[in-house]
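S.K.: Take a look at the following structure, please.
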Amino acid sequence: MRLTTKGRYGMRLVLDIAQHEEKGPVSMAETSLRQDVSVKYLERLVGELQRAGFIRSVRGREGGHLLSLPPEKITVGDVVRALEGDSAVLACSNNRLACPRSVHCLTRTIWIAADQAMLEKLDSVTVRDILNDGQNCIARKEAEKLKALKPLQKQTEGKPESWPDEETHAEPVLRKKMARRIFRQRLAQTTQGRPVRPEGAPKKIMVVDDDPDIVDYLVTVLEEHGYDTCSASDGDVAMEVLVSEFPDLVTLDLEMPHEWGPKFFRRFSRIPEFRDLPVIVISGLPGIHLAIRKAVGTVRKPFDPQEVLRIVEGAIGAP
């Protein structure tokens, strides 16, 4: 997400209205003096925020502007998107065709992750949070997350343990350990309750790729040839689908948001239930045959669907 003066000044405008609207509609002339921003620029921002549904105008001698929604219903991310659009740090983050090197670029995933991390942070803070806590709103949010995790730790471990100071670096490690423990528990429950696949039912293939067009294409090809399918757009979602669907084979892209393809492979291959799950790497990156050495096949994008089908049948047989 590219943040310009529009997003920053627009947020100041929304906060100024939220701080002063108890006395009635807020005049842009007064906001201009308080925020040191020209009235003309503020009126331009007001127009865009009105169209987005966050500000409403009151006409008349005592007119001005009010928020259209309660402060707790408006996030910083809402305001920034309304003014900045969905612009990314780099054009190639949202459009692979924007740069001829995007398919082979080793840093593109970094910019995508940076975009997503910024939006997640902006979406986590509301106008009410800022009014209540000011510059401490982010710290307060993080502290609330930690408090919410404490009961979860006790529940999953069966007995309370000492919790590190909120400012130490031990908290992320404990959070990861708890997440893994919860995942193993849920996996065990799912495995025990998993119904046996009916005899004659088609074999299932999970397609993991962040490009929806490629997912749709692969799913169509596989289903037309008799295979059942499921899909996921990144490694985090794929783990959820893997546990619920128990596929017979996975086609895996290497370059995805949230989690690099080989990292997802390493995660699930350590789980006994999925240790021997065959994987076909389908990617446009160079050297893909080296990314996952245990893969039953590697296919370069753009790919021939017949080549994919040939590798699938060689690995798990006909549907």
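The values are calculated or read from the model by the stated rules, or taken from the named source; none is laboratory data. Fair warning: this is a prediction, and the values are worked out from it, not measured in the lab. When we count neighbours, we look across all protein chains shown, and the Cβ atoms used for this are built from the backbone with ideal geometry, even at glycine.
S.K.: Going through region 302-318 one residue at a time, which ones are surrounded by fewer than 14 Cβ atoms within 10 Å (Cβ to Cβ) and in contact (Cβ under 8 Å) with a residue 24 or more places away in the chain?
M.R.: If the condition is that a residue be surrounded by fewer than 14 Cβ atoms within 10 Å (Cβ to Cβ) and in contact (Cβ under 8 Å) with a residue 24 or more places away in the chain, then GLY317, ALA318 are the ones that fit.
S.K.: Somewhere in region 216-226, is a residue in contact with a Lys or Arg (Cβ under 9 Å, 6 or more places away or on another chain), surrounded by 13 or more Cβ atoms within 10 Å (Cβ to Cβ), among the hydroxyl-bearing types (Ser, Thr, Tyr) and modelled with pLDDT of 70 or more?
M.R.: Within region 216-226, not a single residue is in contact with a Lys or Arg (Cβ under 9 Å, 6 or more places away or on another chain), surrounded by 13 or more Cβ atoms within 10 Å (Cβ to Cβ), among the hydroxyl-bearing types (Ser, Thr, Tyr) and modelled with pLDDT of 70 or more.
S.K.: Any residue that is within 31 Å of the chain's Cα centre (by Cα) and buried (at least 19 other Cβ atoms within 10 Å of the Cβ) - is there at least one of those in region 27-46?
M.R.: Looking for residues that are within 31 Å of the chain's Cα centre (by Cα) and buried (at least 19 other Cβ atoms within 10 Å of the Cβ), one finds at least one in region 27-46, hence yes.
S.K.: Take the residues in region 279-301 that are farther than 15 Å from GLU255 by Cβ and surrounded by fewer than 18 Cβ atoms within 10 Å (Cβ to Cβ), then tell me which one is modelled with the highest pLDDT.
M.R.: Of everything passing the filter in region 279-301, VAL296 is modelled with the highest pLDDT.
S.K.: Is there any pair linking a residue in region 48-62 that is closer than 19 Å to ARG81 by Cβ and in contact (Cβ under 8 Å) with a residue 12 or more places away in the chain to one that is in a loop (DSSP other than H, G, I, E, B) and of a type outside the set (Ser, Thr, Tyr), with Cβ under 7 Å and at least six apart or on different chains, and which?
M.R.: PHE54/LEU69; PHE54/ILE74
S.K.: Scan region 110-132 for residues that are closer than 25 Å to ASP234 by Cα, part of a helix (DSSP H, G or I) and not β-branched (Val, Ile, Thr) and jot them down.
M.R.: Passing the criteria: TRP111, ALA113, ALA114, ASP115, GLN116, ALA117, MET118, LEU119, GLU120, LYS121, LEU122, ASP123.
S.K.: Select from region 101-145 the residues that are modelled with pLDDT of 75 or more and acidic (Asp, Glu) and list them in ascending order.
M.R.: Across region 101-145, the qualifying residues are ASP115, GLU120, ASP123, ASP129, ASP133.
S.K.: Taking ALA98 as meeting all but one of (1) in contact with a Leu (Cβ under 9 Å, 6 or more places away or on another chain); (2) of a type in the set (Gly, Ala, Ser); (3) at pLDDT 75 or above, write down the number of the exception.
M.R.: Evaluating ALA98 over (1) in contact with a Leu (Cβ under 9 Å, 6 or more places away or on another chain); (2) of a type in the set (Gly, Ala, Ser); (3) at pLDDT 75 or above leaves (3) as the failure.
S.K.: Name the single residue, out of those in region 240-278 being hydroxyl-bearing (Ser, Thr, Tyr) and closer than 18 Å to HIS289 by Cβ, that is surrounded by the most Cβ atoms within 10 Å (Cβ to Cβ).
M.R.: THR251
S.K.: Based on what the data block shows, is LEU285 in a helix (DSSP H, G or I) and in contact (Cβ under 8 Å) with a residue 12 or more places away in the chain?
M.R.: For LEU285, the condition - in a helix (DSSP H, G or I) and in contact (Cβ under 8 Å) with a residue 12 or more places away in the chain - is not met.
S.K.: Can SER87 be described as in a loop (DSSP other than H, G, I, E, B) and either surrounded by fewer than 14 Cβ atoms within 10 Å (Cβ to Cβ) or modelled with pLDDT under 95 (or both)?
M.R.: Judged against the criteria, SER87 is a match.
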